């Protein structure tokens with residue numbers, strides 16, 4: 001091949017490379033160009049499922065592409081998180097995550113993700129808190145009496161959660177630590193079966209969504225206080241656990257939309273802006289009113305959402321290590 005021919009070949013190759021590179025960059029600006037999959041680590045009917053479907057319906061109108069909800073329930077979100085970590089980071093596979101996702105890697109070895117650094121945080125989508133529910137058969141009427149009863153009987157009473165590593169489990173472990181009490185953990189597969197067991201004194205306490213306050217009104221359980229940092233505006237007469245002496249206690253769930261590590265920054269920015277537009281709608285916020293104790297965050301940037309997720313990680317990792325909590 002002559003020098004001229006070689007030069008022509010090299011220039012042609014460079015031109016082709018530039019063309020391919022430009023196409024790759026353009027794809028980010030053209031996103032989305034096919035349906036978006038929204039992974040949900042919990043079954044249909046869960047709060048994560050509600051967020052995914054409510055958000056997906058609105059996003060489909062803005063982005064002009066369907067948003068397909070894919071429920072992949074498993075302990076501590078492991079299955080959905082693993083799928084997300086393996087997905088192509090082009091913005092077409094996302095997940096609605098709640099606090100345990102940042103804990104699961106610390107509970108179960110051999111996963112293809114190791115924590116926050118393996119995901120791109122797009123938005124902070126919802127905050128939700130419940131109340132401390134106890135068996136109606138316990139002769140206690142407030143938090144002080146309840147803690148005194150448990151302290152006087154270490155290891156006698158049991159608390160129920162929706163499974164090892166779930167938000168409910170973590171918050172109850174935090175409660176036990178802050179109250180300096182010892183009790184037995186009974187993990188369930190989900191929270192609904194805990195409700196009749198609380199009423200029948202099979203387990204003695206848990207944390208439930210405010211939607212279950214009807215059980216308190218009917219006398220089937222006792223509610224000893226709101227588990228969030230501040231009183232719920234819709235239930236202003238219910239004092240927080242912090243107010244009653246458990247200083248600093250806050251069992252607020254934080255929900256995020258996340259994607260695989262390496263998503264193009266402009267795709268993250270575009271998706272974040274779309275989600276913020278949805279979350280600013282009063283009609284969208286109203287969808288969560290029936291849950292009680294919920295707040296829809298406003299105008300949260302990807303950087304701020306990442307910082308909040310990291311805060312949750314740092315908050316609960318020491319608790320996992322101190323409690324020697326593991327997934328089987």
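The values are calculated or read from the model by the stated rules, or taken from the named source; none is laboratory data. Note that the structure is a prediction, hence the values are computed from the model and not measured. Note: ideal-geometry Cβ built from the backbone for every residue, glycine included; neighbour counts use all protein chains shown.
Details
- Residue within the range 75-86 that is touching a helix residue (DSSP H, G or I) at 6+ places or on another chain (Cβ under 7 Å), at pLDDT 95 or above and assigned to a helix (DSSP H, G or I) present: no
- Applying the condition of being farther than 22 Å from residue 136 by Cβ and surrounded by 15 or more Cβ atoms within 10 Å (Cβ to Cβ) to the range 167-189 and asking which residue is modelled with the lowest pLDDT yields 167.
- Here is the figure for the range 133-155: residues that are assigned to a loop (DSSP other than H, G, I, E, B), free of Cβ contacts under 8 Å to residues at least 40 places away in the same chain and within 31 Å of the chain's Cα centre (by Cα) total 1.
- Index of the failed condition, residue 68 passing every other in (1) at pLDDT 95 or above; (2) out of contact with any strand residue (DSSP E or B) (no Cβ under 7 Å at 6 or more places or on another chain); (3) not assigned by TED's automatic domain parsing to the domain that holds residue 176: (2)
- Residue list for the range 258-267, filter: touching a residue at least 60 places away in the same chain (Cβ under 8 Å) and either surrounded by fewer than 16 Cβ atoms within 10 Å (Cβ to Cβ) or closer than 17 Å to residue 297 by Cα (or both): 258, 261, 262, 266
- Matching residues, the range 36-63, being out of contact with any strand residue (DSSP E or B) (no Cβ under 8 Å at 6 or more places or on another chain), under 18 Å from residue 268 (Cα atoms) and crowded, with 19+ Cβ neighbours inside 10 Å: 58
- When the residues of the range 203-228 are filtered to those that are surrounded by fewer than 16 Cβ atoms within 10 Å (Cβ to Cβ) and in contact (Cβ under 8 Å) with a residue 24 or more places away in the chain, the one that is nearest to residue 127 (Cα to Cα) is 211.
- The number of residues in the range 290-328 that are assigned to a helix (DSSP H, G or I) and either modelled with pLDDT under 85 or touching a helix residue (DSSP H, G or I) at 6+ places or on another chain (Cβ under 9 Å) (or both) comes to 19.
- Residue within the range 225-233 that is within 25 Å of the chain's Cα centre (by Cα) and farther than 13 Å from residue 131 by Cα present: yes
- Any hit, the range 271-278, residues being surrounded by fewer than 22 Cβ atoms within 10 Å (Cβ to Cβ), out of contact with any strand residue (DSSP E or B) (no Cβ under 8 Å at 6 or more places or on another chain) and more than 30 Å from residue 86 (Cα to Cα): no
- Among (1) touching a helix residue (DSSP H, G or I) at 6+ places or on another chain (Cβ under 6 Å); (2) surrounded by fewer than 17 Cβ atoms within 10 Å (Cβ to Cβ); (3) within 22 Å of residue 80 (Cβ to Cβ) - the single one residue 284 does not satisfy: (3)
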